[in-house]
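**Q** Before we start, here is the structure in question, set down as structure tokens.
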Amino acid sequence: MKLARDPNLDALCGEYLLGTLRGAARRRFERALREEPLVAARLRHWQGLAPRYSAMIETPPPASAWPRLERELGLSRYRTPWHRRVSLRGTPP
Amino acid sequence: MRSDADIKRLLLATAARGEGAAEAFEGLYKACSPLLFGIAQRIVRRRELAEEVLHDGFTRIWAAAGRFDPLAEQPVAWMAAIVRNRALDLMASHDVSRVDSYPEEDELDRLFDWSPAADDSVDAGRASRWLRDCLGELRPQERQALVLAYDRGMSHSDLAAHLAQPLGTVKTWVRRGLANLRSCVEECMGAVR
């Protein structure tokens, strides 16, 4: 059955955003999000209402976290080569 | 924290996977990791688990950046949802003990920023204010259940244990709380249209 026609769609969107939709029900909802554009649109409508955290809760992560990400994702492949960086700034290569 | 427009630009440059995608992603990390790490810590409550959540979260943000819809979504909220989801998954697979206090209504104003963001539309700015007012109008137990679920990532059974109430009761509080919140916000929307 299409979730987009479920009379509980709004309640499901709410519980999904809140985080209380768990387990098989959560997976079912996420599948519907991928397969049914109407469900995704309805969720986006409710997403606009989720509160923004204040800067008070910001906590700097440990310095080691970024190098680990960079290494595991192989980010060096996506870096601008140094000679092009130099020439982009107007300095002759 | 940079403006939403900056974050959006960095996210799109990350998604493009061209030269400079790594620099854009690094900029995104620098701008948003303190907030996302803070969110992860509020849910998983343990620093080493929050580090895993942040790592997995940014791995997913890198992989999923191409699916971010700049016209329909707020970039920080989009990233926060990824990190929250990862934190909730992790909570489901770890037995993390919880020692929590009850959130009081004034905690809502410490935790969340209800003022409109600089680049919010007028509607979005108003909606944020309405949400705050409507949360204030909920029954205290409904508000408490909603805040604990959202902020601390509590499941229905976590809530039942934490609030010392039967499972059915907290499910009702969550369901009614959401429904009341929704009709209150919709009423506010209707009143200005």
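Only the coordinates and a few stated rules stand behind these numbers; no lab work does. All of these numbers come straight from a predicted model, not from anything done at the bench. Using ideal geometry, Cβ is built from the backbone for each residue, glycine included, and neighbour counts are taken over all protein chains shown.
**Q** Using the Karplus curve 6.51 cos²θ - 1.76 cosθ + 1.60 with θ = phi - 60°, work out ³J(HN,Hα) for each residue of the stretch B:177-188 in order, rounded to whole Hz, and write x for Gly and Pro.
**A** Coupling constants for the stretch B:177-188: x, 5, 5, 5, 4, 5, 5, 5, 5, 5, 4, 4 Hz.
**Q** Looking at chain A as a GNM with Cα springs under 10 Å, which of A:TYR78, A:TYR53, A:TYR16 has the largest mean-square fluctuation?
**A** It is A:TYR78.
**Q** Can you give the angle from 0 to 90° between the axis of helix B:47-64 and the longest principal axis of chain B, with both taken from C-alpha atoms, to the nearest 10?
**A** Approximately 60 degrees, to the nearest 10.
**Q** Top mean-square fluctuation among A:ARG27, A:ARG44, A:ARG77, Gaussian network model of chain A, C-alpha springs under 10 Å?
**A** Sorting by GNM fluctuation, first place goes to A:ARG77.
**Q** Okay, moving on. For A:HIS83 paired with B:THR169, estimate the spin-label separation in nm (one decimal), with each label point 7 Å from Cα along the Cα-to-Cβ line.
**A** Between A:HIS83 and B:THR169, the label points sit 7.3 nm apart.
**Q** Are there cysteines in the protein assembly as shown with no other Cys C-beta under 4.7 Å, and if so, which?
**A** Within the protein assembly as shown, the cysteines lacking a partner Cβ under 4.7 Å are A:CYS13, B:CYS32, B:CYS188.
**Q** Continuing with the same structure: Which net charge results when you count Lys and Arg as +1 and Asp and Glu as -1 among the other residues whose beta-carbon is under 15 Å from that of A:LEU21?
**A** Taking every other residue near A:LEU21 into account, the sum is +3.
**Q** Which whole-angstrom value gives the distance between the alpha carbon centres of the stretch B:129-193 and the stretch B:6-34?
**A** Cα centroid of the stretch B:129-193 versus Cα centroid of the stretch B:6-34: 35 Å apart.
**Q** Same structure again: Can you give the relative contact order of chain A as a percent, counting alpha carbon pairs under 8 Å and 6+ residues apart?
**A** Value for chain A: 22 percent.
**Q** Counting alpha carbon pairs within less than 8 Å and at least 6 residues apart, what relative contact order, in whole percent, applies to chain B?
**A** 19
**Q** Quick one: helix A:23-35 against the long Cα principal axis of chain A, what's the angle to the nearest 10°, folded into 0 to 90?
**A** Approximately 70 degrees, to the nearest 10.
**Q** Hey, another quick one. Taking the Cα atoms only, what angle lies between the long axis of helix B:122-137 and the longest principal axis of chain B, rounded to 10 degrees?
**A** Once rounded, one gets 30 degrees.
**Q** Just want the ordering: B:LEU12, A:LEU21, from fewest to most Cβ atoms lying within 10 Å of their own Cβ.
**A** Exposure proxy ranking, most exposed first: B:LEU12, A:LEU21.
**Q** Run the simple label-point estimate for A:SER54 and A:GLU72 please: 7 Å along Cα→C-beta, distance reported in nm.
**A** A separation of 3.3 nm, rounded to one decimal place.
**Q** List the lysines whose Cα lies under 22 Å from the Cα of B:LYS8, skipping any in the same chain that are fewer than 8 positions away.
**A** Within the straight-line cut-off, B:LYS8 pairs with B:LYS30.
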